[in-house]
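The values are calculated or read from the model by the stated rules, or taken from the named source; none is laboratory data. A quick note: this is a predicted structure, and the numbers were derived from the prediction, not measured. Glycine also receives a Cβ, built like all others from the backbone with ideal geometry; neighbour counts cover every protein chain displayed. For accessibility, only protein heavy atoms count, side chains too; no ligands or nucleic acids. Shrake-Rupley method; radii C 1.70, N 1.55, O 1.52, S 1.80 Å.
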Amino acid sequence: MTHVADEVPLTLQGTPPKTLGVLDQGALWANLGVSLLGFSGALYLLDPLGNAPLSLIAALTATVVGSLIGTSMVGLAAIPGTQTGQPSMVLLRGLFGAKASYVPTVLNIVQMLGWGAFELWVIAKAASAIFSGVPYQVWVIAAGVLTTALTIWPLGAVRLIRRYVTIGVIVSMIWFTWYLVSEAPAHTGGGWTAFPAAVDYVIALSVSWVPMAADFARHSRSSKAAFTGVVGGYTLAQVACLGLGVYAVAIAGADAVLADGTAVFGPFVAAPLGALFFAILVLRETDQSFANVYSTTVSLQNLMPRVDRRVFSTSIGVLTIAIALVVDVTSYGAFLGVIGAVFVPMFAVLAVDYFVLGGADRWNTDENAPSRWTMLVPWALGFVAYWLTTSTPTVPAWDGFWASAREVIGFTRQPWMNGALGGALVAALVALVIGLLLRRAARR
């Protein structure tokens, strides 16, 4: 039962309305692809290893390649949501079983809380760049309240984004492209050494949405609309966002952005009419925090399916505000690395089981769906493969552990290796082998 006929059911027992077309999905994902964190995060794209800067063409190529790979994963992860009408974490009951699905559900809740806090942080910092006299805490609370309100009426928020917000974002992005490209100094030097790490970074930006893709796709009118909206909308927007970030970093100075990630906002505000157009992007950023808080809400419903989602939304909104008031954004790059390592292999297992091994015909999302512990094996091995093959640094202790692990097993990571692709390939192959063996055993 819902409080509004064309809104998301209050509990998992309700029937999800199919009201979102390709334009709704495209607008939603295009707006999610334009992130203020993407502007400041362009520094990680330009020099993901911290000692081997990319050339401009290498950085832009990594943006396109990583975006296409990552958004294709997100788009495929959205299709089961459309076909079953279930949100992402409930879908995982079919992959891992009801009880085992609690493992990725808890991980997703942690991820989304982190993303939500990061988003409130960047909204507050960006707003402070325009209105310097207002305390950071005020902006965090204001953005958090607006975010929470949007999660109460999520489908209404998506329609609002399509009808009004997207136009303002497009105009703003065009305006800033003209200014930043013309003002930025020429990007000279650099090479391709860190290209795999840069692709890893961009994939992680995209694939972090895999665990929430079905949360909105289940309301799509068709699988085609969901897939096209994700891949088309998000890819174009993320490429444009990171591209602008590269030029903004060049104007602000890499050292300044490294010392303070919010320094990248300066060139935007300094542009003619920059405060106005940047304010549009700041206001739009609430769709990022909205998507994260909403995904946390429906993830919690996998654990407690009969609880009114409005209770979860309000509670998570308050908690996200509290985290944002003390968050340390310097861990952003490492945070993205962990996201990629966890969710890229999980997607690979889901894709093989659902699309290749015929899972779509037997997908069981009941509360008593039997455990499929064997599917945790390829996920875990994919996680290991990710860290063995990635070149993206996180924190010294963790990186040192995996360097020692490579030495113990006699594995040498080659410069061309990519953690996201390595983790996905291993997880997919192991899932395929296990699935075929189980199918053969069942026939006997």
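Considering segment 89-105 alone, what residues qualify as being open to solvent by less than 10 Å² (accessible area, probe 1.4 Å) and either closer than 14 Å to Val298 by Cβ or of a type in the set (S, T, N, Q) (or both)?
Met89, Val90, Leu91, Leu92, Ser101, Pro104, Thr105
From the set of residues in segment 117-148 that are among the polar types (S, T, N, Q) and within 21 Å of the chain's Cα centre (by Cα), which is surrounded by the most Cβ atoms within 10 Å (Cβ to Cβ)?
Thr147
Taking into account only those residues within segment 393-444 that are charged (D, E, K, R) and free of Cβ contacts under 8 Å to residues at least 60 places away in the same chain, which is surrounded by the fewest Cβ atoms within 10 Å (Cβ to Cβ)?
Checking each candidate, the answer is Arg444.
Residues that are open to solvent by 20 Å² or more (accessible area, probe 1.4 Å) and closer than 21 Å to Leu68 by Cα, at least 2 per element: which helices (runs of 4 or more DSSP H) completely within segment 192-279 meet that?
223-228, 235-252
Checking the condition over 29 Å from Val377 (Cβ atoms) and assigned to a helix (DSSP H, G or I), which residue from Val145, Val134, Val90, Val103 passes?
Val145
Test of understanding: among Gly114, Gly81, Gly75, Gly50, which residue is under 15 Å from the mean Cα position of the chain (by Cα) and either outside any helix (DSSP H, G or I) or crowded, with 24+ Cβ neighbours inside 10 Å (or both)?
Only one candidate qualifies: Gly75.
Output the residues belonging to segment 371-426 that are part of a loop (DSSP other than H, G, I, E, B) and at pLDDT below 85.
Those that are part of a loop (DSSP other than H, G, I, E, B) and at pLDDT below 85: Ser391, Thr392, Pro393, Thr394, Val395, Gln414, Pro415, Trp416, Met417, Asn418.
Would you confirm whether any residue within segment 9-24 is farther than 24 Å from Ser223 by Cα, among the aliphatic types (A, V, I, L, M) and open to solvent by less than 10 Å² (accessible area, probe 1.4 Å)?
No, segment 9-24 has no match at all.
From the list Thr151, Thr166, which residue is of a type in the set (S, T, N, Q), open to solvent by 20 Å² or more (accessible area, probe 1.4 Å), within 28 Å of Ala214 (Cβ to Cβ) and part of a helix (DSSP H, G or I)?
Thr166
Could you tell me whether Gly144 is of a type in the set (Gly, Ala, Ser) and more than 24 Å from Gly114 (Cβ to Cβ)?
no
Which condition number does Arg221 fail, the rest of (1) touching a Gly at 6+ places or on another chain (Cβ under 9 Å); (2) farther than 30 Å from Phe383 by Cβ; (3) modelled with pLDDT of 95 or more being met?
(3)
Does Leu43 satisfy the criteria of being modelled with pLDDT under 90, open to solvent by 20 Å² or more (accessible area, probe 1.4 Å) and over 16 Å from the mean Cα position of the chain (by Cα)?
Yes, satisfied.
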